[in-house]
Amino acid sequence: VQLVESGGGLVQAGGSLRLSCAVSGRTRTLLSVAWFRQAPGKERQFVAGGSWNDRTTRYEESVTGRFTFSRDTPNNKVDLQMNSLKPEDTAVYYCAADDMVSDYERPAMYDYWGRGTKVTVSS
């Protein structure tokens, strides 16, 4: 399974960005998909994610109400719409996927990762 993120960039606080993750390869076995982020000097953090096949979705508390996770399974794509961005959202954002359903919020659960896309929010 290969994951390729796009859509990152520089935006002012209060602005919006839409990240996309193109998923290819053995997608029929996927059960979980998620977005994580990692700021400099910090651990990788769960942002949003859930089931690949249904609408089960979870959000990290600080992004709830601002970010929207969506999956387009027929087209093998996962998006993250980010609104009302804050400087603390600045990070490299990663798409992740796995063939199992366990703890969506735990990075170690995921076997497949993209290379990330950088998001910078200026104040």
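The values are calculated or read from the model by the stated rules, or taken from the named source; none is laboratory data. Everything numeric here is computed off the predicted structure, so don't read it as measured data. Side chains included, ligands, DNA and RNA excluded: accessible areas come from the protein's heavy atoms. Shrake-Rupley method; radii C 1.70, N 1.55, O 1.52, S 1.80 Å.
A simple rule links phi to the HN-Hα coupling: the Karplus curve 6.51 cos²θ - 1.76 cosθ + 1.60 with θ = phi - 60°, which for the range 46-53 gives 5, 10, 6, x, x, 6, 6, 9 Hz, with x for Gly and Pro.
Accessible area per residue, 1.4 Å probe, Å², for the chain: what's the number?
Working: 6430 Å² over 123 residues.
Per-residue accessible area for the chain comes out at 52 Å².
Binning all Cα-Cα separations of the range 1-118 at 10 Å, short to long from zero, yields these whole-percent fractions: 15, 52, 29, 4. Subtracting the Cα-Cα distance of Asn83 and Thr27 from their residue separation scaled by 0.36 nm leaves 17.3 nm. Accessible area per residue was computed with a 1.4 Å probe on protein heavy atoms; Arg106 scores about 110 Å².
Amide H contacts for Phe67 (H built 1.01 Å from N in the peptide plane; partners 5 or more residues away or on another chain; cut-off under 5 Å): Asn83.
Quick one: with all protein chains in place, what share of the accessible area of the chain is carbon or sulfur, to the nearest percent (1.4 Å probe)? With neighbouring chains kept in place, the figure for the chain is 46 percent. Scanning residues 5 or more positions from Ser32 or on other chains, those with amide H under 5 Å from its amide H are Trp52, Asp98, Met100, with H placed 1.01 Å from N in the peptide plane. Using a Gaussian network for the chain with springs between C-alpha atoms less than 10 Å apart, which of these wobbles most: Ala108, Ala34, Ala96? Its mean-square fluctuation being the largest, the pick is Ala108. Computed on the chain, with alpha-carbon pairs under 8 angstrom and 6+ residues apart, the relative contact order is 37 percent.
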